[in-house]
1. Within the stretch 905-940, restricting attention to residues that are under 18 Å from S654 (Cα atoms) and modelled with pLDDT under 90, which residue is surrounded by the most Cβ atoms within 10 Å (Cβ to Cβ)?
2. Restricting attention to the stretch 193-248, report how many residues are closer than 22 Å to T556 by Cα, in the same structural domain as L53 (by TED's automatic domain parsing) and not small (G, A, S).
3. Has the stretch 552-561 got at least one residue that is at pLDDT below 95, more than 30 Å from W98 (Cβ to Cβ), hydroxyl-bearing (S, T, Y) and not assigned by TED's automatic domain parsing to the domain that holds K205?
4. Are any of the residues in the stretch 11-24 assigned by TED's automatic domain parsing to the domain that holds E208, touching a Ser or Thr at 6+ places or on another chain (Cβ under 6 Å) and modelled with pLDDT under 95?
5. If you scan the stretch 782-809, which residues turn out to be over 14 Å from R650 (Cα atoms) and among the polar types (S, T, N, Q)?
6. Please specify each residue of the stretch 629-650 satisfying the condition of being surrounded by fewer than 17 Cβ atoms within 10 Å (Cβ to Cβ), outside any helix (DSSP H, G or I), touching a residue at least 60 places away in the same chain (Cβ under 8 Å) and not small (G, A, S).
7. Checking A262 against (1) of a type in the set (A, V, I, L, M); (2) more than 44 Å from the chain's Cα centre (by Cα); (3) farther than 20 Å from N611 by Cβ; (4) assigned to a helix (DSSP H, G or I), which test does it fail?
8. Do you know which residues across the stretch 286-324 are touching a residue at least 40 places away in the same chain (Cβ under 8 Å) and more than 16 Å from I510 (Cβ to Cβ)?
Amino acid sequence: MEKFVDRIANHIKVKDYVLTDLTIVLPSRRAKKYIQKALFEQYDRAVFSPNILTIDEWVKNYTPQSIIDKTWALFKLYEIHEKISGPENKGLDEFLKWGRTLLSDFDEIDRYLIETKQLFVNLLDVKELEAWNVGEDELTDAQKRFLAFWETLPDYYKAFKEMLKKEEAINMGAAYANFSQNLHLLFEDNKNAQFIFAGFNALSKAEESIMLQLKKMGKAEIFIDVDEFYMKDHNHEAGMFLRPLTKSFELKKEEYLKNHYATSVKKIELINCKQSTGQAKTIATLLKNEIQPKDFSDTVVLLADENMVVPVLKNIPSNIKEANITLGLPLKNTSLRAWVDMIFNIQENFRRFNTKSIYYKDLLKLIKHPFMLAVLSEEDKIQLQSLEDKIVHNNWLFLQLDQIKISKRIKEVIQLLTQAWNLQNEKYTLEALGVVRKLNDLLYAYIDKEEHTLEKAIIYNFDASLVALQNILESFTPKINFNSFKQIFNEHWSTQSLAYFGNPLDGLQIMGLLETRLLDFKNLLVVGLNEGSMPPNNPIQTLIPMDLRRFHGLPTPREKQGLFAHHVYRLLHHAENVWITYSSAERRMGVDEASRYVHQVKLELSRQFKNISLVERDYSIEDTQQSSEIISVEKSPAILARLDEYFGNRTSASALNKYLQCPLDFYYRYVLGFGEEKEVEEEIEANNFGSFIHNTLEILLKPFSRIGDGKRKGQNILPEDIDQMLKTYGPILQQEFIAHFDKHKEYLETGKNFLSLTVANHLVKSILKAQKEELISNPTAQLFIEEVEGEFTKELTVQLGKSEKLVKFVGFIDRIDNFEDEVRIIDYKSGTCNEDKVKIPSTRGGNSPQDVLLNVLSKKHYVFQLLVYNMLYKARYPHKPYPGKTGILSMVNLKDGIFFLDNKLKEAANMDDLMELFEECLQQIIAEIYDETKAFEHNPDAQYCQYCG
């Protein structure tokens, strides 16, 4: 079957065109090489190529004025806005909300040859109707200001045109309009010039006028590529533009109308991917298994969703030796976006925290960014890893550059990156831009091209895009605030793409939809054909209501959808094998939906044409690879040896309690030793909050402890001693907080940290007052401090079959005191407590005491901890009885007093029997941990698994 470019080349040869007189005008540059190749094959010899160029290039060549840059035009329009709006001007920020949209409307008005006077009158009429209040005689001030803006739109348009004339510049829409009225320019150098327009679809009025004039002059031919299937159906959107154009251009059906769908055999496969990234893997599998290497040059991967370019490139199979990516990699889809965000975030944090020091998050992002990693030497990486450890260990929130020990060149980069912009200076935007470009120069110089080609190319293209912005900012002096500058800056570079270079004719072709115009391929692989990606759902940005746009012949979303529909259906003309992927992934706002084109292929093509076969299937990553989620770990000899090492070194009540909650999390945390990841705390975490209070109470009570060398060792505490503590605890507590932030007192002056310090002050004060009240209410009782924050150990021997296992318990008891001649163990908790959390119920339903206690230990970690404290105390003082009371003092509900262990087991009513039963339970728990037949499995009911759930 003859391809479209072959049809054009054959026609040129048959008509015997003088190739040097011929100009072929195309909608995009991509087809140029294909037409040249087709001409070479037709003539079968070397010939002079016709002049082949895009319509934009063609019009620019005959436009004497310079085409305006969009950002330059935006600033010029703002100057006009300042003059027209006068005192009503609300500044650049407000203008940016609609300025670019107005420029776009002006361009379309010119391109579609709209009579502006009538348009602006109609527009004002519409807005007056919108502002009209039924029954109200007078408009409000806000309504008057609203209408005043629409009344001045003709003034904006007129002033804009006058400005362009003065600057000897022109917008692209006006260039088309002017060219359509000055076609004699085409023949000044060559009266024999001939033109072919090929592959066009939706045309503006200016484009249509140009082509029609040249055709009537006998100087142009127009080639379109359509199929009878959608052209004869007057409701089909794929032929929306071309049906009226064929009449306007008086094209004969035999010249353009083909019957591809009815006469060619096609195999179409629709593949629903549950994950978006699964589409890239699907395409890779198809390229490897379904397409012969000899057919790669006749194969295109069409990126319906151009965000899939990176996943697709990463998954190209190794058997593809040549590939050409024509759409380019948008800079906004590279690591440059994170880099630019970081540059602005650093400046925002200087303002936010009112400091010139580097915020730790900014620094950590910086040293892990691909640009910096490309610059760092191995020695630099070691130094920065050490710095990261120090930041976490010392809880540094802000750093001075002199705190960072790194090489001179890295310090040079960071110095530029963290140079504070002087936002008070009216020209700070130029200074900031200069700093960014200096930074680009440094990175480009320091990055090794051999290892980091992509990073180097990104920086080069980024810097090139900033040159025009720098020139524009030098010409304009509006006051630009930080947010507006950020918006203008990002809009300027984010539209740029990184060009890929490859063979445009040989090998696999990877394209966006607009690059495929005029081109035909045997194998078509479409990636990401979802609604919103194709057709795109981004609305037309305009100030002109849709009804009014339609009335004046301006494009609306319906025309936009028709344009894309023809591109998609045209690609199917010659394709023999078609694979279409779409995603049904669940998103935050719902589920991805297959594009309307997927449904149309199913409901239209496969039903109407028997020669088109259709297959549907699903693809999921889980189908091709085993899930990486581990839910159990068998106990190997190596793991059992690690258990011996762990228990022989030290274990705790918290560790065994974690095992009872979730064995697999115990394995990760204690057997493998993952522990908890340390992070910088900008706000006080609950565990550190409790530690500060613990430490403060320890400092206050330590002088009275019978163990130690305090000044008041062994003396009982009196109410007046508590009064003294109430006077001194504040600075002690504050010092705990300050030390946590590496002596940066300013971190506690505002925000949540200030509130944390205030709450901690209240809690310590309340604890001390409760202690004083206890002494006052029992005037004959004496209170002695036996020990505070004491370390206790106990070695437990567990018999496992013929072997013995040594388990070393280690624990720190917050406070042991003697009140009314009774020893008490008290544990301070920052969480809540109640009577049930420290209660051991009686046996019921035939359960043994051991079963009851094991059940309590697995569910009530306070009971577990208090019993371990009793065991540790007895291990140190074997000749003393167990403490009379062991309890929890909750800082959350201090008014409820101390919650002491409450044992209701009649079979183990006294403490000696209870502790004997507890040690039997410990033996059973540890025996289970060592049981080789029981894997470490995740408990699905566990709520706080850090590593497995």
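1. Out of the qualifying residues, it is H938.
2. 6
3. no
4. No: zero hits.
5. Those that are over 14 Å from R650 (Cα atoms) and among the polar types (S, T, N, Q): Q782, Q799, S803.
6. Residues satisfying the conditions are I630, I631, E634, R650.
7. (3)
8. Passing the criteria: only E290.
The values are calculated or read from the model by the stated rules, or taken from the named source; none is laboratory data. Small disclaimer: the values here were computed from a predicted structure and weren't measured. Cβ sites come from the backbone with ideal geometry, for glycine too, and all protein chains shown count toward neighbours.
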